[in-house]
Amino acid sequence: MPLDNFRIIESTLREGEQFVGASFTTAQKAEIARLLDAFGVECIELTSPLASPQSLADAKAIVALGLKARILTHVRCRIEDAKVAIDTGVDGVDVVIGTSSLLRQFSHGKEMDEIIDTAREVVSFVRDQGVAVRFSTEDSFRSAREDLFRVYEAVDAIGVNRVGIADTVGVATPRQVYELVKELRGRVKCDIEFHGHNDSGCAIANAFEALDAGATHVDTTVLGIGERNGITPLGGLIARVYASNPALVHKYDLPLLRKIDGAVAQMVGVDIPFNNYITGITAFTHKAGIHAKAILNNPETYEILNPQDFGMTRYISIAHRLTGWNAIKNRAEQLGLTLSDEKIKAITEHIKAMADERQISLDDVDGLLRWVNNGHALPESAAVTT
Ligand code: HCA
Ligand code: CU
């Protein structure tokens, strides 16, 4: 069954380092790696050790942490790079080369035959050192299909562990991803990885379609950070897979997500977006009276994600003009007040009128509930509070 055994390649320490706000210290990298390992991601991908002397030292330092997750590093498809990568002691080397005509012409200048020869050479070299190897094509969706299959089949035939499809520019649609992965699934026996950028907002849907079509691995980063506006976010992928079947993500320590998102947000100098999957401040906040009533009866009416599974709390917003008497009644009960339904309904009308006049707060609602509970009449005018 697709999705049953999907694995996460967490690339905050590689793609995420390509986010403009990111420049992690060694200690921060170790903290991120430990948190991701505790969360349960299967693989952690690191920046190329050839990027800088610090990147090399940090790769060795992360390897030395002895985490459960497999540690991978990411290099260009060249023997010299692969050698340096292997020497860091990583479990796997991810190699990549551009196959679109744009990249062939303006980046490395190689023709397809040459790319295939190099790919074969590098893949066998890494494999012969007893290290896992992944081969991926950059900008896969603007590459000719026949070129992609030729190179993937060539490396599959010599025992590559995994091939990667990369939507480098975020151009692919979910259907295109599904179709490409489906066809590739029929052509190679190795694992298949998907890496998708989010330029047009499809990164999560694309990753999910890739898994549904038979991909085994998805690349994510915390909060989706990466080049430009980034890639598939870890939390977003988790939300998407959970929504299709919560059992598929029980292998991860879901409540840790909040800490992970918070830690990385702080390190790269951004806030967790208010509308972020799972950890955004409004992710479990219900507002309209009709929603609130149903949620109070059964949260599944308007929630596909159970906040408790993520260590989050549901919040029902009641201090506004869309409020309803069921939610106000629930609030009165929380405050230990016993008010008749009639009184609650009258208070609700008063709150609505107040909210039409000005911005009100939960304190206003609570004050009104207590005021009436203490035997006072509702104020005459909505503009006057107790
Ligand atoms: C890049 C490279 C990459 C590589 C993906 C992969 C991409 O930074 O341009 O190795 O599969 O998006 O193509 O991140
Ligand atoms: Cu990328």
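Just a few scattered comments:
- Residues whose amide H lies under 5 Å from that of Ile165, counting only those 5 or more places away or on a different chain, are Glu193, Phe194, His195; hydrogens are built 1.01 Å from N in the peptide plane.
- The chain, dipole about Cα centre (Lys/Arg Cβ +1, Asp/Glu Cβ -1), debye to the nearest 20: 620 debye
- Packing-based ranking, highest mean first, of 83-93, 294-304, 231-241 given that Cβ atoms within 10 Å are counted: 231-241, 83-93, 294-304
- Helix 325-334 axis, angle to the chain major axis (alpha carbon atoms, nearest 10°): 90 degrees
- Among the chymotrypsin sites (Phe, Trp or Tyr not before Pro) in the stretch 181-282, those located in a DSSP loop and surrounded by at most 14 other Cβ atoms within 10 Å of their own Cβ are Phe274.
- By the helix-only formula, in which each DSSP H run with n ≥ 4 contributes -39500 (n - 2.57) and the sum is divided by residues, the chain has a 222 nm mean residue ellipticity of -13000 deg cm²/dmol.
- If R0 is 35 Å, the Cβ-Cβ spacing of Gln105 and Ser244 corresponds to a FRET efficiency of close to 0.30.
- Note that the stretch 196-321 presents 43 Å² accessible area per residue, ligands and nucleic acids not counted, probe 1.4 Å.
- For the stretch 92-100, backbone phi angles converted through the Karplus equation (6.51, -1.76, 1.60; θ = phi - 60°) give residue-by-residue couplings of x, 10, 9, 10, 9, 8, x, 10, 6 Hz, Gly and Pro being listed as x.
- Computed FRET value (nearest 0.05) for Thr173 with Leu378, which takes r as the C-beta separation and R₀ as 56 Å: 0.50
- Top of Ile97, Ile204, Ile347 by mean-square fluctuation, Gaussian network on the chain, Cα under 10 Å: Ile347
- Along the axis of the charge dipole computed for the chain (Cβ charges of +1 for Lys and Arg, -1 for Asp and Glu, origin at the Cα centre), the listed residues His350, Asn276, Thr99 are led at the positive end by His350.
- Here the simple spin-label model places points 7 Å from the Cα toward Cβ, and for Leu3 and Ser340 these points are separated by 5.2 nm.
- Euclidean distance of C-alpha centroids, the stretch 136-168 and the stretch 58-132, integer Å: 14 Å
- Once the Cβ-Cβ distance of Gln54 and Glu31 is raised to the sixth power relative to R0 = 25 Å, the FRET efficiency obtained is 0.95.
- The share of accessible area on the stretch 2-268 that comes from carbon and sulfur is 49 percent, using a 1.4 angstrom probe.
- Relative contact order for the stretch 177-295: 19 percent, from Cα pairs under 8 Å spaced at least 6 residues apart, divided by residue count.
- Carbon + sulfur, % of accessible area of the stretch 285-373 - ligands and nucleic acids excluded, 1.4 Å: 46 percent
- Measuring nothing but how far apart in sequence close Cα pairs (under 8 Å, 6+ apart) lie, relative to its length, the stretch 2-268 scores a relative contact order of 22 percent.
- Over the stretch 49-178, accessible surface divided per residue gives 43 Å², non-protein components excluded, 1.4 Å probe.
- Helix 174-187 axis, angle to the chain major axis (alpha carbon atoms, nearest 10°): 40 degrees
- Acute angle (nearest 10 degrees) that the helix 341-357 long axis makes with the longest principal axis of the chain, alpha-carbon atoms: 70 degrees
The values are calculated or read from the model by the stated rules, or taken from the named source; none is laboratory data. Not measured: the values here are computed from a predicted model. We place every Cβ from the backbone using ideal geometry, glycine too, and count neighbours over all the protein chains shown. What goes into the accessible areas is simple: the full protein's heavy atoms, side chains included, and nothing from ligands, DNA or RNA. Shrake-Rupley method; radii C 1.70, N 1.55, O 1.52, S 1.80 Å.
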